[in-house]
Amino acid sequence: MRTNQRERMVHVLFDISVISKGVDGALEIVGGALLSFVSPAQIHSLVRMLTQHELSEDPNDLLAGSLLTRRFSPRFTSCGMA
């Protein structure tokens with residue numbers, strides 16, 4: 001009987017993981033569709049706005065700084081390629 005409970009629990013966890021993966025995929029599709037309506041300049045201004053506070057506290061922040069450098073920003077093009 002204990003094995004039956006364990007199998008049921010594994011099955012429930014598997015179902016939860018498959019459903020969450022499906023929700024994640026649907027959100028990625030919606031996000032990708034929404035990005036097709038946003039210009040690269042709007043994305044850059046959003047990234048600047050989101051990283052402004054972090055860069056004001058630490059101007060040498062690696063992640064926030066690299067999001068705004070010329071190495072990363074040109075990758076936001078309308079066709080997805082630099």
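Points to keep in mind about this one:
- Tensor-based shape of the stretch 1-46 (alpha-carbon gyration tensor, a/c under 1.5 rounded, otherwise prolate or oblate): prolate
- Residue-span extension gain [Leu68 to Arg48] - 0.36 nm each, minus C-alpha spacing: 6.5 nm
Computed from the coordinates by the stated procedures, all read-outs in this text should not be read as laboratory data. Computed from a predicted structure; not experimentally measured.
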